[in-house]
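Q: Take a look at this one; I'll ask things after.
Bear in mind these aren't lab numbers, they're just calculated from the coordinates by the rules spelled out. The structure presented is a predicted model; accordingly, all values stated were derived computationally and were not measured. Quick reminder, even Gly has a Cβ in these numbers, built from the backbone with ideal geometry, and neighbours come from all protein chains shown.
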Amino acid sequence: MSSTAAIPLNDVTTAPSSSDTTRGTILTRTLHVNITGSLANLNMAGPSGGTWRLVDGKQAGVFGTGSDLDSQTVTNQLRTALIHEVKLLQDHSTFPVALGVTINCVPPTEITDLGEKFAYTVLPQSKNNVGQTIYQCDANTEDGLQWRKDYPKWTSANLETEGILNVENNPWVFVHQDHPAIALLRHNAALIGCRIDDQPKIDMEWFKVSYIFYSYF
Amino acid sequence: MLNACCQTIRAKVLSKVASNDLNLFQVQIKRLNADGWDDIHDLNINLQKPGISSKVEVEQFLTSPYTYMARLQVKYELQTA
């Protein structure tokens with residue numbers, strides 16, 4: 001089984017409009033996905049068989065804005081991307097069996113009689129040149145816009161790691177002042193019995209916060 | 001405290017906010033309605049050759065190289081401020 005690297009074919013960058021400062025940079029990439037293998041080889045590959053992904057280290061170059069930012073900054077930007085739309089422009093399968101395609105950033109909406117869910121399915125030995133929208137999201141919900149404006153670095157996956165400094169063998173951590181948890185504590189001063197902004201900061205930007213909630217409630 | 005805050009944020013806010021980690025973007029194909037890639041229980045149906053049963057043909061079915069190709073267009077937004 002093998003897969004080839006992605007080829008970004010076009011790149012449409014839109015500067016944030018002055019009337020909508022919460023919008024980021026909108027980009028479009030066209031990826032060429034190629035998955036090859038015999039059924040026996042795909043079976044031997046186990047759960048990761050039939051997978052296509054970017055070559056490690058190429059993500060920033062393919063999905064980044066193309067600016068002079070260092071790769072770590074771009075990697076962080078990619079962590080909180082918002083996918084607006086995914087279109088299948090063309091596909092071609094020489095497999096003699098029907099396939100289900102999953103795209104990990106896209107919710108599966110096509111369902112088989114056994115209840116399996118996929119982003120889309122492919123008929124055996126088929127060729128399709130008709131474009132199809134696989135996924136489209138409403139990127140303008142107020143909650144989403146506000147969150148991305150206020151906390152661009154944070155997602156559900158990195159809440160406990162981004163902007164957190166762990167101190168080994170201690171029940172507390174240092175939390176950056178921009179972390180959303182600090183805003184939550186700030187707005188619930190009465191509930192926790194103290195004002196977070198009255199607490200001393202380390203290096204002017206880190207609050208000391210217990211990891212597990214012990215008292216107050 | 002931090003643990004409780006993170007759980008609250010996830011439940012009350014992030015459950016309504018879509019975001020994706022494009023560093024992990026991947027596409028995977030799976031065989032529909034089969035136990036595994038080498039499932040041959042419906043071989044005759046899939047190959048449209050009723051009655052196929054010879055060992056050679058089964059071997060060929062399992063070991064021939066196949067390809068799936070797709071052109072996917074992804075439109076997305078990055079916070080660059």
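Q: What residues qualify as long-range amide H neighbours of A:Tyr211, i.e. H under 5 Å apart, gap of 5 or more or another chain, H built at 1.01 Å from N?
A: Amide H neighbours of A:Tyr211: A:Trp172, A:Val173, B:Leu2.
Q: 7 Å from Cα along Cα→Cβ at both A:Glu168 and B:Ser64: what's the point-to-point distance in nm?
A: According to this spin-label approximation, the distance is 5.8 nm.
Q: Using the charge dipole of region A:151-217 (Lys, Arg: +1 at Cβ; Asp, Glu: -1 at Cβ; taken about the Cα centre), state which of A:Met204, A:His187, A:Leu159 has its Cα farthest towards the positive end.
A: Value: A:His187.
Q: Okay, next question. Taking amide H atoms as placed 1.01 Å from N in the peptide plane, list the residues 5 or more away in sequence, or in a different chain, whose amide H sits under 5 Å from that of A:Cys105.
A: Hits under the 5 Å cutoff: B:Gln26.
Q: Tabulate in residue order the Karplus-calculated ³J(HN,Hα) for region A:115-123, using 6.51 cos²θ - 1.76 cosθ + 1.60 with θ = phi - 60°, rounded to whole Hz; enter x for Gly and Pro.
A: Whole-Hz 3J(HN,Hα) from phi for region A:115-123: x, 5, 10, 9, 5, 6, 10, 10, 6.
Q: May I pose another question? Give a residue-ordered list of calculated ³J(HN,Hα) values for region A:171-186 (Karplus: 6.51 cos²θ - 1.76 cosθ + 1.60, θ = phi - 60°; whole Hz; x for Gly, Pro).
A: Working through the residues one at a time gives x, 10, 9, 8, 10, 5, 4, 8, 5, x, 5, 5, 5, 5, 5, 4 Hz.
Q: For B:Asn20, enumerate residues with amide H under 5 Å from its amide H, sequence gap 5+ or separate chain, H modeled in the peptide plane.
A: A:Ala81, A:Leu82, A:Ile83
Q: For region A:152-217, what's the relative contact order in percent, using C-alpha pairs closer than 8 Å and at least 6 residues apart?
A: Taking the mean separation of contacting Cα pairs over the length of region A:152-217, I get 31 percent.
Q: Restricting to Cα pairs below 8 Å that are 6+ residues apart, what does the relative contact order work out to for region A:51-171? Please round to a whole percent.
A: Averaging sequence separation for qualifying contacts and normalising by length gives 26 percent for region A:51-171.
Q: Which lysines does A:Lys153 reach when only Cα atoms under 30 Å apart count, and residues fewer than 8 places away in its own chain are ignored?
A: Result set, ordered by chain and number: A:Lys58, A:Lys87, A:Lys201, A:Lys208, B:Lys12, B:Lys16, B:Lys75.
Q: Now, a different point. Karplus couplings for region B:2-18 from phi (6.51 cos²θ - 1.76 cosθ + 1.60, θ = phi - 60°), rounded to Hz, Gly and Pro as x?
A: With the stated coefficients, region B:2-18 comes to 4, 4, 5, 4, 5, 5, 5, 4, 4, 6, 8, 10, 5, 5, 9, 10, 7 Hz.
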